[in-house]
Amino acid sequence: MAASPNFTVPLPSDPRPLDLDQVDDLLKLQKAAQKISSILDLDQLVDKVVNDIARSFGCLDSDIYLHNEERSELSLVCAHGCDGCDLCGPGHSLKIGKGMVGYAASTGQMHYAPDVRQDPYYIGCEESTLSEVAIPLHVEGQLVGVFTASHIELNAFSPCQLRLLQALCSDVAVAVHNARRFQQEQRQREQMTSEAREARVIQQALLPKSSPSIPGFTVSGLSIPVGAVGGDWYDFIPMDKGRWGLVLADVSGKGTAAALLMSATRGILRSLAEAACTPGEVLTKLNRLLVEDFPAGRFVTMVYALLDPTKRTLTFANAGHLRPLLITGVSTRFLDVEQGIPLGLGPGGFSEVEVQLPVGSRVVLYSDGITEAENEADEEYGSARLQEHFLRADASAESLLDDVRSFTVGSSLRDDASVILVKG
């Protein structure tokens with residue numbers, strides 16, 4: 001960032017030495033120049049610049065035009081002293097090269113008209129204007145805009161004042177450049193935040209609206225993304241003969257990219273599940289499609305299960321996901337399969353396991369955002385705590401996530417956390 005201008009008293013050669021009042025005004029102006037670099041609100045900044053300069057120099061009018069590089073023009077963003085003029089209205093624009101403003105922008109040099117009536121570039125505005133100066137604002141050789149000041153007196157700006165204005169405009173240029181960049185970044189952040197909110201609404205709409213009604217069973221699910229959107233997903237899919245497909249998946253990565261891949265995976269899986277294939281067949285077909293479509297390095301871990309309430313069985317296949325937990329009475333065990341790589345990595349087979357669900361038994365499907373949640377001591381929640389929690393008779397999907405939050409108090413979840421609980 002440029003240093004603040006060094007204000008000096010007029011040289012002896014100046015035809016009109018500054019009086020004490022003018023020196024005092026310029027010292028005030030110097031202090032103002034030192035402060036403008038901290039202003040990041042563009043509107044506040046340009047308003048302060050044009051008004052402070054106008055008051056200090058007794059100007060009739062002072063303006064700031066900002067450069068629009070795409071349109072090769074200069075747009076008026078702030079004017080002091082001119083009311084009701086079409087040329088000084090908000091948003092008024094000038095092409096590069098047009099008028100004193102455009103000429104200063106095209107040459108990169110200050111243009112001073114001691115008598116605007118004799119100046120070939122001056123475009124009339126206030127009838128009482130007799131002298132005007134236009135100073136380009138540059139940062140590292142790039143045009144930021146143009147500052148102008150006009151006066152009711154002929155040759156109103158002394159050589160010393162012009163040098164002071166040029167020095168001041170060096171600071172103004174840097175301040176305006178920083179404020180514009182901050183404004184652009186703020187708009188981008190706001191846009192991203194708005195898009196993330198919309199994505200979250202859409203993603204939440206893809207999750208089940210309610211738990212399914214299954215005779216003899218209670219099934220519930222819950223998912224909490226660590227950011228606005230996440231890569232976890234669970235679903236309840238109605239099948240023929242009163243059966244239900246249960247799925248819990250975790251797409252690699254976080255944020256919008258993971259959410260997009262999750263959404264695509266959901267759509268494909270649902271279309272395959274409706275064909276009434278077995279869990280192993282569904283994952284085999286799904287994997288074949290994802291290998292073709294997924295970007296390199298992206299994959300999905302998934303447990304897909306088929307709950308048959310008539311037979312009281314749960315048949316599942318596992319694609320590289322965490323092992324389901326089965327609780328019967330006071331014992332717990334994790335359910336394994338022989339084959340099952342994460343989806344999207346490459347060709348592979350998927351074996352199935354059928355589990356009998358006696359009355360009172362429970363099955364938990366969960367994501368690694370639960371077991372890998374860490375506390376301040378960098379300890380993981382882990383599978384042992386998961387087992388211990390579901391030995392409680394009142395354990396639920398909600399109570400599990402509450403327990404994980406309590407465990408990580410003072411820390412925060414680092415990954416999406418999802419769970420499905422099947423009670424028989």
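Can you give the FRET efficiency to the nearest 0.05 for Thr310 and Ser351, using r as the Cβ-Cβ distance and R₀ = 22 Å?
0.40
Placing one identical point scatterer on every Cα of segment 207-423 and ignoring solvent, what is log10 I(q)/I(0) from the Debye formula at q = 0.08, 0.12 Å⁻¹?
-0.26, -0.59
List, in order, the whole-Hz ³J(HN,Hα) value for each residue of segment 311-326 obtained from phi through the Karplus relation with A = 6.51, B = -1.76, C = 1.60 and θ = phi - 60°; use x for Gly and Pro.
Result, rounded to whole Hz: 8, 6, 10, 10, 9, 9, 10, 10, 9, x, 8, 4, 5, x, 10, 10.
Around Gln339, which amide H atoms from residues at least 5 apart in sequence, or from another chain, sit under 5 Å from its own amide H, with H modelled in the peptide plane?
It is Ser351, by chain and number.
Can you give me the long-range amide H partners of Gly145? Hydrogens built in the peptide plane at 1.01 Å from N, cutoff under 5 Å, separation of 5 or more residues or another chain.
Sorted by chain and number, the residues that satisfy this are His67, Leu137.
Compute the projected area of the convex hull of the Cα atoms of segment 266-389, averaged over all viewing directions, and report it in nm² to one decimal place.
Averaged projected hull area, Cα only: 9.1 nm².
Using 1/(1 + (r/R0)^6) with R0 = 60 angstrom and r between the beta carbons of Leu207 and Gln118, what's the FRET efficiency to the nearest 0.05?
Rounded to the nearest 0.05, the efficiency is 0.20.
In whole Hz, what ³J(HN,Hα) sequence does segment 138-149 give by Karplus (6.51, -1.76, 1.60; θ = phi - 60°), x for Gly and Pro?
The phi angles translate into 10, 9, 6, x, 9, 6, 9, x, 9, 9, 10, 9 Hz.
Bear in mind that the values in this text are calculations on the coordinates, not laboratory data. Since we're looking at a predicted model, the values are computed, not measured. Cβ atoms come from the backbone with ideal geometry, glycine included; neighbour counts cover every protein chain shown.
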